[in-house]
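K.L.:
My questions all concern the structure below.
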Amino acid sequence: MTDDPRISLIPVDRIRVVNPRSRDKRKFERVVESIATVGLKKPITVMRGIPGEDGSETFNLVCGQGRLEAFVALGQREIPALVRGMSKSEGLLASLIENIARRRVRTLDQVRLIQWMQEQGQGFAEIAQKTGLGVEYVKNILSMLKKGEERLLEAVLHGKIPVTIATRISGASDEEAQRLLMATYESKEMTQKSFTSFKRIVDQRKHLGRAYGPRSPRVNRTTAESLVRAYRHEAQRQRLMVKKAKLCEARLRSVSAALKKLVQDEDYVTLLRAEKMETMPKFLAELARQVA
């Protein structure tokens, strides 16, 4: 199949969107307004599809979903298009690359699309060139995805933790992940804010699993069980915290009672005055007075 260099007017009802993506409503409204005001600045790209039941020619959309939908919203019956001579996999790949190039990689779904590019035989360097990402970055995120580290990966995509540190922890056991995390913090490779975010993710990874799990009815039960386990763990942690608080309170009362006895001892007070230590912090004095 060869490309047709001419721009053709194609009926919008003969174009099928094979790789649809959701879009921001306000941005779409701006696209519609722009096309209604100044017209279409760039034609869409399509490839020939399987003929319809009546033998009519059909097309699969490669690039330009927003422009196509804007034309439909404006009641237009035809749209300018470039017809490319592509195979089905080449068309999907071109559509994928356009979606990634339009916006920064931020979601696991987009990363899975990059994984699909790899499965189609694209090398790291080729994927990096087509998506505008670094080669090492592509290697790292695909490595984490292969190991099922979805929680770590999503945190990386949202800029919460550095990809290099996440890659080191990827695939490690829970205990090893904790050790690596502490070692990284002690070597000042991350800030306090990054450390807090990272620790939270490592804890979630330990109690809820490395991946979010496939979206299926069976996983709903598994997810519920995971939530119950997490709830029980948190409840146990809270009970332990209450016990520790009560123990600290009892010890504090004992110390306060002993302090009150001491300040009532004239010899002890005289010794303090001799050492120029006759005053004490206000909160300690108030605490000593409160003890029965």
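The values are calculated or read from the model by the stated rules, or taken from the named source; none is laboratory data. As the structure is a computational prediction, the values presented were derived from the model and not from experiment. Positions of Cβ are backbone-derived with ideal geometry, glycine not excepted, and every protein chain shown enters the neighbour counts. The area values use the complete protein model at the heavy-atom level, side chains included, leaving out ligands, DNA and RNA. Shrake-Rupley method; radii C 1.70, N 1.55, O 1.52, S 1.80 Å.
K.L.:
Here is a list: L133, L108, L113, L181. Which entry is touching a Leu at 6+ places or on another chain (Cβ under 6 Å) and at pLDDT below 80?
P.N.:
Values: L133 fails: touching a Leu at 6+ places or on another chain (Cβ under 6 Å); L108 fails: touching a Leu at 6+ places or on another chain (Cβ under 6 Å); L181 fails: touching a Leu at 6+ places or on another chain (Cβ under 6 Å).
Answer to the check: L113.
K.L.:
Still on this structure, please answer the following. Right, E234: closer than 30 Å to E149 by Cα, assigned to a helix (DSSP H, G or I), modelled with pLDDT of 75 or more and acidic (D, E) or not?
P.N.:
yes
K.L.:
When the range 21-49 is examined, which residues are found to be surrounded by 13 or more Cβ atoms within 10 Å (Cβ to Cβ), without any contact (Cβ under 8 Å) to a residue 40 or more places away in the chain and under 28 Å from R112 (Cβ atoms)?
P.N.:
Hits for the range 21-49 are V31, I44, V46, G49.
K.L.:
Of all residues being of a type in the set (S, T, N, Q) and in a helix (DSSP H, G or I) in the range 120-162, which is surrounded by the most Cβ atoms within 10 Å (Cβ to Cβ)? Just the residue, please. Give the steps one after another, and end with the answer.
P.N.:
First, the residues of the range 120-162 that are of a type in the set (S, T, N, Q): 120, 122, 129, 131, 140, 143.
Going one step further and asking which of them are in a helix (DSSP H, G or I), we end up with 129, 131, 140, 143.
Numbers: Q129: 14, T131: 22, N140: 19, S143: 15.
Top of the filtered list is T131.
K.L.:
Something else: Restricting to the range 50-81, name every residue that is open to solvent by 60 Å² or more (accessible area, probe 1.4 Å) and either within 25 Å of V32 (Cβ to Cβ) or touching a residue at least 60 places away in the same chain (Cβ under 8 Å) (or both). Spell out how you get there, then give the answer.
P.N.:
Just the residues of the range 50-81 that are open to solvent by 60 Å² or more (accessible area, probe 1.4 Å), to begin with: 50-51, 53-54, 57, 69, 72-74, 76-78.
Those that are open to solvent by 60 Å² or more (accessible area, probe 1.4 Å) and either within 25 Å of V32 (Cβ to Cβ) or touching a residue at least 60 places away in the same chain (Cβ under 8 Å) (or both): E69, V72, A73, L74, Q76, R77, E78.
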